[in-house]
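Read through the structure below, which is laid out as structure tokens, and then see the notes.
The values are calculated or read from the model by the stated rules, or taken from the named source; none is laboratory data. Because the structure is predicted, anything quoted here is derived from the model rather than measured. Ideal geometry is used to build each Cβ from the backbone, glycine not excepted, and the neighbour counts take in all protein chains shown. Protein only, heavy atoms only, side chains kept; ligands, DNA and RNA dropped before computing areas. Shrake-Rupley method; radii C 1.70, N 1.55, O 1.52, S 1.80 Å.
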2 protein chains.
Amino acid sequence: MEELKTLVNRLSPLPDSDFEALKALFQKRTVKKKGFVQIENNLVNEIHYVPNGNYRGYINKDGEEITTHFYFGPTFLADYLSYKTKQRTKHNIQAFQDGIYYSANFDELEALGETSLALTRFFLKFFQAVYLYKEQRAVSFVNDSPEERYLNFFKIRPKVIEQMPLKYIASYLGMTPETLSRIRNKIRFSEE
Amino acid sequence: MEELKTLVNRLSPLPDSDFEALKALFQKRTVKKKGFVQIENNLVNEIHYVPNGNYRGYINKDGEEITTHFYFGPTFLADYLSYKTKQRTKHNIQAFQDGIYYSANFDELEALGETSLALTRFFLKFFQAVYLYKEQRAVSFVNDSPEERYLNFFKIRPKVIEQMPLKYIASYLGMTPETLSRIRNKIRFSEE
DNA sequence: ACAACTACTTGATTAAAATCAAGAAAAATA
DNA sequence: TATTTTTCTTGATTTTAATCAAGTAGTTGT
């Protein structure tokens, strides 16, 4: 849990007492390779902290898995949309390897957030950060061709491109694996 | 400025003193029909409050205007991405009619936000709300065909569909006006 | 009221990406 | 290590939406 402090402080530093209260809400869990942290059709009432390892979020669309998120620890995992709207989640979150993570109840977390300026500020910074990420992604989808989307994503998250299987990247970028394979082939060719 | 209080309180109620301090940051401006609240290539350091009237945000992409936002007063207008990253904005924000609006300096607003729990909480709620909107839009883009995107957007923001010119809606949904026109024609036909 | 402009529609053609299909390469697991 | 499974690549074909083009309706401004 030591890296949690680093992760939190990078967003917005917390007094020790606040950090301890925050930390106390998280319960340790384990997950097997290809196991799930979250499964579609459930109501979401937890947020998860993942110290390390890789995870993938995806939606089932007509039997096809469409990847919507790549998570690299240390990071948080959550489906805030499902939590907030009280709709059953469409998102599955799957581990790429055996791992541990920590889960906190969303309601308790929000209640705790109300109690201190530093914590509220921390949540604010958190949402500002994820908002910025979303905004960039949205602009790229409206603005860019599949090839541009790939190159743009490469700039923003090179590690995902390096470490994640092509088929997941393809669906994340809104195209088929075949199309992405051809785009890569084309780029390879044009670089030589 | 009376509706500002309603708009603010709907997100998160503020004590009078906080609200007055917030209000004091906003300066009245006027804009002509087809005039601009924000023009691309500038650095953004203001957020705007629009009591009424309609506005449109768009990006120039190879000479084409791609609509990225529809704003219906009372609401806030901002390019938080540009402000936060200190990159020149790509977004133009244009009025559909003569109107008045109010502008506040982003730095001053953020500084004010630091001073009170209620204000920080207000900003948190604000970002949570825009985040939710973004998330829904992102899911729709990854998940849906052009027709589904249109139907989905119709559900979420019927007023935009009713009141905005087709060509702006088309680019907002990532398609050409011709394609949207055909989609509408098809839907009309299948409804009869 | 008229002219000029803008928005929308519809059809024909082209271009881009999806789908279908097969095989090669790589990774997982027994 | 051998076998099975998964991932990736490549080609052929189909589908979808973009582009090109022309015409109509509607709006704006003089």
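A few notes on this one:
- The phi-based Karplus calculation (6.51 cos²θ - 1.76 cosθ + 1.60; θ = phi - 60°) puts the 3J(HN,Hα) values of segment B:42-58 at 9, 7, 9, 9, 10, 10, 10, 10, 10, x, 7, x, 10, 9, 9, x, 8 Hz, whole numbers, x for Gly and Pro.
- Pairs spanning more than 27 Å between alpha-carbon atoms, out of B:Lys23/B:Lys86; A:Lys90/A:Lys167; A:Lys34/A:Lys186; B:Lys5/B:Lys86; A:Lys134/B:Lys34; A:Lys90/B:Lys186: A:Lys34/A:Lys186; B:Lys5/B:Lys86; A:Lys134/B:Lys34; A:Lys90/B:Lys186.
- Residues with amide H under 5 Å from that of B:Tyr49, placed H, sequence gap 5 or more: B:Leu77, B:Tyr102, B:Ser103, B:Ala104
- To the nearest ten degrees, helix B:117-143 and the longest principal axis of the Cα atoms of chain B are 10 degrees apart.
- Under 5 Å from the amide H of B:Asn42 lie the amide H atoms of B:Thr89, each residue being 5 or more positions distant or on a separate chain, with H modelled from the backbone and absent for Pro and chain starts.
- Within the assembled protein chains, the solvent-accessible surface assigned to B:Lys134 is about 20 Å², based on a 1.4 Å probe.
- For segment A:2-124, size of Cβ-based charge dipole, Lys and Arg +1, Asp and Glu -1, in debye: 320 debye
- Relative contact order of chain A, defined on C-alpha pairs under 8 angstrom at six or more residues apart (%): 25 percent
- Counts of other chain beta carbons within 10 angstrom of each beta carbon in peptide A:134-147 average 5.
- Positive-pole candidate from B:Gly99, B:Asn185, B:Gln38, dipole of chain B, charges at beta carbon: B:Asn185
- Per-residue Karplus couplings for segment A:68-77, computed as 6.51 cos²θ - 1.76 cosθ + 1.60 with θ equal to phi - 60°, are listed in order as 10, 8, 10, 10, 10, x, x, 7, 9, 10 Hz, Gly and Pro entered as x.
- Nearest-10 value in Å² for the accessible area of B:Met1, using the 1.4 Å probe: 50 Å²
- Cα gyration tensor, segment B:1-65 - rounded (a/c under 1.5), prolate or oblate: prolate
- This model, with +1 at the C-beta of Lys and Arg and -1 at the C-beta of Asp and Glu, gives the protein assembly as shown a dipole about its Cα centre of some 720 debye.
- Taking every alpha-carbon pair under 8 Å whose residues sit at least 6 apart, segment A:144-192 reaches a relative contact order of 30 percent.
- Shielding score for B:113-122, defined as the mean number of other chain Cβ atoms within 10 Å: 4
- Surface composition of segment B:2-126: carbon and sulfur atoms hold 48% of the protein heavy-atom accessible area at a 1.4 Å probe.
- Counting every pair of alpha carbons in segment A:2-124, the share spaced more than 19 Å apart comes to 49 percent.
- Rounded to the nearest whole Hz, the Karplus-based 3J(HN,Hα) values (6.51 cos²θ - 1.76 cosθ + 1.60, θ = phi - 60°) of segment A:81-91 follow the sequence 4, 5, 4, 6, 8, 6, 8, 4, 6, 9, 9, with x at glycine and proline.
- Helix B:2-11 vs. chain B, principal-axis angle (Cα, 0 to 90°, nearest 10): 80 degrees
- Chain B: angle of helix B:177-191 to the longest principal axis, Cα-based, in degrees nearest 10: 70 degrees
- Rounded to the nearest 500, the 222 nm mean residue ellipticity of chain A from helices alone is -16000 deg cm²/dmol, with -39,500 (n - 2.57) taken per DSSP H run of at least 4 residues.
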